[in-house]
1. Which ones in segment B:50-70 are more than 20 Å from B:VAL22 (Cβ to Cβ) and within 14 Å of another protein chain (Cβ to nearest Cβ)?
2. Restricting attention to segment A:41-58, does a residue exist that is in a helix (DSSP H, G or I) and small (Gly, Ala, Ser)?
3. For the condition under 20 Å from the mean Cα position of the chain (by Cα), aromatic (Phe, Trp, Tyr) and away from chain B (no Cβ under 14 Å), what is the one hit in A:PHE196, A:PHE190?
4. Return the pairs, sorted by first residue and then second, in which the second residue is part of a loop (DSSP other than H, G, I, E, B) and of a type in the set (Ser, Thr, Tyr), the first residue lies in segment B:213-240 and is more than 14 Å from B:ASN157 (Cβ to Cβ), the beta carbons are less than 7 Å apart, and the residues are 6+ apart or on different chains.
5. Scan A:SER285, A:SER262 and give me the residue that is of a type in the set (Gly, Ala, Ser), over 29 Å from A:LEU169 (Cβ atoms) and touching a residue at least 60 places away in the same chain (Cβ under 8 Å).
6. Is there a residue in segment B:76-87 that is more than 26 Å from B:GLU116 (Cα to Cα) and either within 18 Å of the chain's Cα centre (by Cα) or more than 14 Å from chain A (Cβ to nearest Cβ) (or both)?
7. Does segment B:119-143 hold any residues that are crowded, with 20+ Cβ neighbours inside 10 Å and in a loop (DSSP other than H, G, I, E, B), and which are they?
8. Taking the stated definitions as given, is B:HIS247 of a type outside the set (Lys, Arg), touching a Ser or Thr at 6+ places or on another chain (Cβ under 6 Å) and at the interface with chain A (Cβ under 10 Å from one of its Cβ atoms)?
Amino acid sequence: MYVISILLTKIVYRIINILNLGAGYTWPGHLVLKIYPGIISEIKNKLPDKVVFVSGTNGKTTTVKLIKHILEKKDMKVMTNSSGANLLNGIVSSVLLASDLGGNFSYEAAVFEVDESTLPPLLKDIRPSILALLNLSRDQLDRHWETDIVLDKWEEAVANLGEDTVLVLDETQDKFEVISRSYKGTISYFNDDRKFLYSTDLKGSFNAKNVNCAILTAEKLGVRKDEAARSLKDFEFAYGRGEMVREFDKNWQILLAKNPESMNQNLNMLLEEGIDQELVLFVLSDNIPDGLDVSWIYDVRPELITKVCKNKEVFVSGKRALDMAVRLRYTGVDVSGQNISENLKNTIEKISDMDSIKNVTVLPNYSSMLEVRNILVGRKIL
Amino acid sequence: MKLTIAYFYPQELNLYGDTGNVEILAARTKTRQMDVEIRKVSVQDKISKEFMKEINLLFMGGGPDSGQERMYLDLIEQKGPYIKEYIEEGGTALFICGSYQLMGEYYRSADGKKLEGLGIYNMYTQHFGHEKKRCVGNIVSKVNNSILQDPLFINVNNVGDTIVGFENHGGRTYPADDVEPFATVIKGHGNNSEDGTEGVYYKNTVGSYFHGPLLSKNPHIADYLIAKALNLEKLSNLDDTIIKTAHSALVKRFGQ
């Protein structure tokens, strides 16, 4: 059955890609789980000794990429799931796609980013060697509901984990106290110390945490901290998370801002770094991966918006562009009517025609970020 | 002329961007060259009759279960009586979601536990657990007739008779027959997804399930509350072009 699942996954993946229906990282696993729910426990037996789960509201993709980078520099063969595939179906898809037709999985380490709500059910079946928990804040309330509910489920899952997993936690998250208390095994903490951040091109205190989490995780897997830090010199941003794109004679920096905390952190980072961008583009949509509720933009600290937009040309776009324009207006930022358009392609074309603009900051929510990249880079994912 | 807003339990009831309502009330008042003071009232703060006399608008939002657990006893035992008196004497107030539910007679949770409310609004709220779906989604409603016919509302209304927002509640609220709803649902769930009512309009207060936040795309409601709070017959016009455009676009997209 396992080999059949692998075959099925690979065929469905191929078809999706030939027909250009998407990245193909979720549907194959979805199908396999439907036909053969026992696949998860089979996968468990195939995984290597080194299995890392990374979960939290913000920072998963960057942290997984950092861990992979460090381990690969030690010549380890590392498998990861792509960030759009962090639900159960995506995790199943990625493991099966990475297996050969004989059912063999040849990677030495598997590092998964795991959706916050998927983590508890997944932990029942697979016990990772390391579980890194980054943070929990308001995100997509119409899907995850309240953070408290997620935290309760995490606590229960961690309490039932046994003692073989090493828990890697952000010590600045007060919420995690209940998790520390309910875990019987080893816990290691990281914080936002910037020493290691400076050995990378990443910026901001949230990235300091991501870097420290990755280095601590790698240390638990046998890589010395200083060595790990050194290896991050040539680390490149995860897509849409600080990524720089050169197009239409401009530098576009894409900073995923999909919930109040990630928007606050990015705005803060821009203020700390001193922004040389002449133009700020907010893109807000309410597609399914974003959640339908856009009221979170009022949980963003208004004074940060005001400061970042000061003396800048400001554009808004996306399906909820008008909502964003209203939000900006209440922070004292008036967006002129001609800079508001729900059509992102038109907006980007318009900005591209502005000769005086050399540097653009783009603050998109999730689906908007994929769309921005699609327009600027040509492909939705990597 | 000064608008003094008492913002109750800002740390405990801080979900879904409802804090934006206070920001918006303040911004719309300041733009009209009037002073604004925001007084945050948390669990540990004591209030008095004098305090309630000094404020002219009271706001309370909704929050996660843990937040509601932290403020519940304080509301019922300490601050509730002051709030009740304030409302009965004609004070202006806005309650959203969780705090709106607590203005009713009681809240019955999915496991049958009964939480007493302040009993100001003649209504109760029931959570049916898995029996009934959570009420989540964009919502469009029509403001109730007695508000629409209020000369004060007519004076400040620059939008029309619709309101638009987002709702996300597990509990369903059942107002008694003689209770005036805040609005009638055009598209969405409202109080209970059955009787077509949304929120409660009682004396000079509004209770509602609208997030968005409520006042963001409904400036007529914001101005109605400001005018009531300041005891003004009308307010100077603001340039609400972009807000009105957003309102109409959302009503068009979600109202049918």
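The values are calculated or read from the model by the stated rules, or taken from the named source; none is laboratory data. Remember, predicted model here, so these are calculated numbers, not experimental data. Cβ sites come from the backbone with ideal geometry, for glycine too, and all protein chains shown count toward neighbours.
1. B:ASP65, B:SER66, B:GLU69
2. Within segment A:41-58, one or more residues are in a helix (DSSP H, G or I) and small (Gly, Ala, Ser).
3. Exactly one residue qualifies, and that residue is A:PHE190.
4. Taking only residues 6 or more apart or on different chains, the pairs are B:ALA229/B:THR92.
5. Step by step, each of A:SER285, A:SER262 is checked, and only A:SER285 is of a type in the set (Gly, Ala, Ser), over 29 Å from A:LEU169 (Cβ atoms) and touching a residue at least 60 places away in the same chain (Cβ under 8 Å).
6. So far as segment B:76-87 goes, no, none of its residues is more than 26 Å from B:GLU116 (Cα to Cα) and either within 18 Å of the chain's Cα centre (by Cα) or more than 14 Å from chain A (Cβ to nearest Cβ) (or both).
7. B:ILE120, B:TYR121
8. Against the criterion (of a type outside the set (Lys, Arg), touching a Ser or Thr at 6+ places or on another chain (Cβ under 6 Å) and at the interface with chain A (Cβ under 10 Å from one of its Cβ atoms)), B:HIS247 does not qualify.
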